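The values are calculated or read from the model by the stated rules, or taken from the named source; none is laboratory data. Owing to the predicted nature of the structure, the values given are computational and were not obtained by experimental measurement. Here the Cβ is made from the backbone with ideal geometry for all residues, glycine too, and neighbour counts use every protein chain on show. Side chains are part of the model used for accessible areas, which takes the heavy atoms of the whole protein and leaves out ligands, DNA and RNA. Shrake-Rupley method; radii C 1.70, N 1.55, O 1.52, S 1.80 Å.
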There are 2 protein chains.
Amino acid sequence: MNKLVLLTLAGALANAAPALAQATEKLDAAALGKIRDEGMNRSQVMQTAFYLTDVNGPRLANSDGLKRANEWTKAQLAKYGLVNANIEAWGDFGRGWDIEKSYVAMTAPYYHALVGIPKAWTPSTPGPVRKQVVVMKAATEADLAKYKGQLRDKIVVMSVATPPKPATEGAIRRLSDEDLKKMAEPAATAARPAPDAAMLASRKAMAALRTAMADMLVSEGAAGVLSTRGGIYGTFNTSNGAPYAADAKPVLPEIETAPEDQLRIIRLVEAGVPVEVEMETKTRFQTQDLKGYNVVAEIPGTDKKLKSEVVMLGGHLDSWHAATGATDNAAGCAVMMEAVRILKATGLKPRRTIRIALWGEEEEGLHGSRGYVKNHFADPATMQLKPEHEKLAAYFNLDNGAGKIRGIYAQGNEAAAGIFQQWLAPFADLGASTVTLRNTGSTDHIAFDAVGLPGFQFIQDGLDYFPTTHHTNQDTYDRLIADDLKQASVVVASFVYDAAMRDQKLPRKPLPAPAKAQ
Amino acid sequence: MNKLVLLTLAGALANAAPALAQATEKLDAAALGKIRDEGMNRSQVMQTAFYLTDVNGPRLANSDGLKRANEWTKAQLAKYGLVNANIEAWGDFGRGWDIEKSYVAMTAPYYHALVGIPKAWTPSTPGPVRKQVVVMKAATEADLAKYKGQLRDKIVVMSVATPPKPATEGAIRRLSDEDLKKMAEPAATAARPAPDAAMLASRKAMAALRTAMADMLVSEGAAGVLSTRGGIYGTFNTSNGAPYAADAKPVLPEIETAPEDQLRIIRLVEAGVPVEVEMETKTRFQTQDLKGYNVVAEIPGTDKKLKSEVVMLGGHLDSWHAATGATDNAAGCAVMMEAVRILKATGLKPRRTIRIALWGEEEEGLHGSRGYVKNHFADPATMQLKPEHEKLAAYFNLDNGAGKIRGIYAQGNEAAAGIFQQWLAPFADLGASTVTLRNTGSTDHIAFDAVGLPGFQFIQDGLDYFPTTHHTNQDTYDRLIADDLKQASVVVASFVYDAAMRDQKLPRKPLPAPAKAQ
């Protein structure tokens, strides 16, 4: 899940929850039974997740790990019997980057190995670098001036914005009946107000400060940087890399650390105890291929009239780099792959074509899905529709952690909501029964929604996604719960099958206006 | 807190909770008010804790860090105005050991820096060592035979006994009213039954297996070992070092890691993916001084008749080495130091002498306190009492994490329990009011109790002690809560003052029989 637009937006809906009184959906109970049997009793979802995480490793945008995962998933989908398996370029992304060594320790006043990892797209140190520390606290550009002449050959330790607070709640959370009931209610709140002028000005100032700080660190000749984005008890956040553009300005070697390690250094320096840190990072840039890619594959439709229409399902395959992106989003990809495996294994004959897409470069701004939508369906800037636009029956996405499915966000599409309530009926015993009209953002269905296509994300139990695994060093295979992923695979396979068999494509909301005209 | 005897033992007490009807204690409300004012309004306890943890660093038995802490605490106690501040040898411990470099990473099938730290008292690698991995699973000595000839020049990854389970409860816990009520009840259960023959045999077999395994790893020529004792989300346990005796058999370089890192390696190897690990540890042994030490200092008594009698308070200063032992047990030491600082700062004149002791080498078996008790009071093996035995009025210990005091374990001493109930009365508003007759073990008051001296440990809120900070890499200053430590300092200072002013020493239980005769 991308963090830029991480808020669940309450849809601006004036009227009540979707009525159950609409046309009855024809559901094929025998087919759904086969799907459930295959998914529950012969699941391969954990095996798939193991390959995506442990075997392929971290899958940062345009990294070796993502390339390995692209190749493996393409081959695996072909093995399942899907056709047209392809690694399809979506457009230009930027430089590839991989870690070859990461070491950081406090070497004075005594030795202590720090927990940390190079910030994405930062350069190598020239071998091991052992230097005195300067702590930098700057809230405004004016504050930076104080450090003029103080930074040459120093390792700069940034102040800690969010010190760890003892955890009074467990990491694992599931949606309660009460939570789900609230989601199913008609949205009480209007859409979030647009950020006001003061907030926009403050954001702009922060961005300018970050740029000025990065430039100053380079121009003053600092040796390296330690920074932290929070965490606790050994879990730490590691997102928001340095610029990945081919022509990005140079930055310093930088390691993101656990806040406890960094706070210890800051307390010592502030008490007048000199601190020395040794860091060694070896990172490798790749500039031969700056393109980004998605993996796609199909189960061809079998109905003469409908097989040119497509039901899509997907999730993003890329991850952050400190762990193996198990909950963000190997879990979603493993479930989507398992869903098409189940459909092939059952021998069911979908009327429409089913197409799985595993997106690249989601974490940097939904690039893979946005590129794909622009190439195939429409550019939201112009809303000039391509011929494929009318052929898409629906897109289903999974990217809210590794928890089981509890329902679906209808994304303000009331007609679709009524259909989904009927499609969910067979899964009440599995805990999936809630339809909310609300919007949810931050992931790839938004790319479809932005050009008026019916794109949806499922409601999932959060488990330990926030604040423990999302974009942290702790997003590993160990967090995956087989029962949750099996359930999700069965629900997704059934939804995709229902959408492929339905006489009509899913209803759509009105087309949005071109974004550039808004 | 030492983990060997970590169970709270229900005392084998036949009768009810201590009666309130006994003689009324004379409490000096004005003095207690002064203590509370100094402790709450001019506290230095967090500053002391900062020096003990961040500044002195990890304080493994006989390490440089513990030596720094011994010197610093001795000087600090003298600064407070205490006399006879001394670093007093308690007897022979073993080798000193410090870490100078710790690095471990998976280098194939892709690069991933592991989180880990050398196991205490393990040797250095000969520089960086990059080797193929062999996973070792051995439940019996017979299983070991399978690895014969497989280990030369390999890094051996031990199986993981306790895979991480997702945390459904928060790390922070406080004792509820219900918990405290239960503790105050007369113990319903008798003393725990002694381990039966089967359990003893199984323990013996496990110990033999560990020895055989260590010997085999050396004799087969393995290059190093990765092992784990559990943990989750970046927290991992790092206790139970290799033998520290001067004449210990050689062992291999070994790193204790986070279980997630180790499980990833194990899953890959078991799936047939070759794994390569690089490790580099540089550790330094010190054999010039094999002695262990305690730090002691006194506030002299002022009553002619009573000043030869002593009220002691203490906690262990040593820690494990992966963090800075903040909750185990810098917190306890900081509180005890703060208690004597408060008593000096208030200018109160205790009748008896007050002596603080900061124990060494507790984690390896309460060595510091046991050695001190043997040197000063009695050897529990013979129960030949030394002259000082009759002079000890009481010993108070603090070592159950960093939580505030909720009451006290009367350790089966009913007469003392009745006194403590009265002494606690002024602290009901601070949450400290419970007296339990139960025994608690695992820390230094046991050394006193073992020779019939009235030694007591306070009941504390656990906070995140179990399972998060106790003996893990996460036992850092960040876990300390100022309000808890201030409260504890005030309660301890008051108890010590009450004991120093009381007409009689605290009542004692009957003398135990010599241990060697039991």
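See the values below:
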item: Test set (1) open to solvent by 90 Å² or more (accessible area, probe 1.4 Å); (2) within 14 Å of another protein chain (Cβ to nearest Cβ) - B:Glu178 fails condition number; result: (2)
item: Any hit, the range A:136-147, residues being within 14 Å of chain B (Cβ to nearest Cβ) and either surrounded by fewer than 15 Cβ atoms within 10 Å (Cβ to Cβ) or at pLDDT 95 or above (or both); result: no
item: From the options B:Asp28, B:Asp54, B:Asp37, residue that is within 14 Å of chain A (Cβ to nearest Cβ), among the charged types (D, E, K, R) and touching a helix residue (DSSP H, G or I) at 6+ places or on another chain (Cβ under 9 Å); result: B:Asp54
item: Spans of strands (runs of 3 or more DSSP E) in the range A:356-469 with at least 2 residues touching a Lys or Arg at 6+ places or on another chain (Cβ under 8 Å) and touching a residue at least 12 places away in the same chain (Cβ under 8 Å); result: A:392-397, A:455-460
item: Residue check for A:Arg42: under 16 Å from A:Val340 (Cα atoms) and more than 13 Å from chain B (Cβ to nearest Cβ); result: yes
item: Some residue of the range A:198-220 being in a loop (DSSP other than H, G, I, E, B), among the hydrophobic types (A, V, I, L, M, F, W, C), open to solvent by 60 Å² or more (accessible area, probe 1.4 Å) and more than 14 Å from chain B (Cβ to nearest Cβ); result: no
item: Test for A:Asp64: is it touching a strand residue (DSSP E or B) at 6+ places or on another chain (Cβ under 7 Å), within 14 Å of chain B (Cβ to nearest Cβ) and either at pLDDT 95 or above or over 13 Å from A:Ser489 (Cα atoms) (or both); result: yes
item: Residues of the range A:181-196 satisfying the condition of being more than 30 Å from A:Gly418 (Cβ to Cβ) and either modelled with pLDDT of 90 or more or among the acidic types (Asp, Glu) (or both); result: A:Asp196
item: Pairs, first facing another protein chain (nearest Cβ under 7 Å) and among the acidic types (Asp, Glu) in the range B:86-109, second outside any loop (DSSP other than H, G, I, E, B) and open to solvent by less than 20 Å² (accessible area, probe 1.4 Å), C-beta under 7 Å, six or more apart; result: B:Glu100/B:Thr283
item: The one condition in (1) surrounded by fewer than 19 Cβ atoms within 10 Å (Cβ to Cβ); (2) more than 24 Å from A:Thr107 (Cβ to Cβ); (3) more than 14 Å from chain B (Cβ to nearest Cβ) that A:Gly230 fails to fulfil; result: (3)
item: Candidates B:Leu114, B:Leu82, filtered to the one that is at pLDDT 95 or above, in contact with a helix residue (DSSP H, G or I) (Cβ under 8 Å, 6 or more places away or on another chain), within 14 Å of chain A (Cβ to nearest Cβ) and surrounded by 20 or more Cβ atoms within 10 Å (Cβ to Cβ); result: B:Leu114
item: Out of A:Ala246, A:Ala242, sole residue that is open to solvent by 40 Å² or more (accessible area, probe 1.4 Å) and under 27 Å from the mean Cα position of the chain (by Cα); result: A:Ala246
item: Some residue of the range B:339-347 being modelled with pLDDT of 95 or more, within 18 Å of B:Leu66 (Cα to Cα) and either assigned to a strand (DSSP E or B) or touching a strand residue (DSSP E or B) at 6+ places or on another chain (Cβ under 8 Å) (or both); result: no
item: Of residues in the range A:149-166 being touching a helix residue (DSSP H, G or I) at 6+ places or on another chain (Cβ under 8 Å) and of a type outside the set (Ser, Thr, Tyr), the one nearest to B:Ala482 (Cα to Cα); result: A:Pro166
item: Single residue of the range B:315-342 satisfying the filter (open to solvent by 10 Å² or more (accessible area, probe 1.4 Å) and out of contact with any Ser or Thr (no Cβ under 6 Å at 6 or more places or on another chain)) that is nearest to B:Asp399 (Cα to Cα); result: B:His321
item: Cβ-Cβ under 9 Å pairs, at least 6 apart or on other chains, the range B:490-518 side outside any helix (DSSP H, G or I), far side polar (S, T, N, Q); result: B:Leu506/B:Asn413; B:Pro507/B:Asn413; B:Arg508/B:Asn413; B:Lys509/B:Gln411; B:Lys509/B:Asn413; B:Pro512/B:Gln518; B:Pro514/B:Thr382; B:Pro514/B:Gln384
item: Answer residue from the range B:165-175, given it is outside any strand (DSSP E or B) and not hydroxyl-bearing (Ser, Thr, Tyr) and is farthest from the other protein chains (Cβ to nearest Cβ) among those; result: B:Leu175
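Yes/no per residue for (1) among the aromatic types (Phe, Trp, Tyr); (2) open to solvent by 10 Å² or more (accessible area, probe 1.4 Å); (3) modelled with pLDDT of 95 or more:
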| residue | (1), (2), (3) |
| --- | --- |
| B:Ile459 | no, no, yes |
| B:Pro467 | no, yes, no |
| B:Asn473 | no, yes, yes |
| B:Asp483 | no, yes, yes |
| B:Gln487 | no, no, yes |
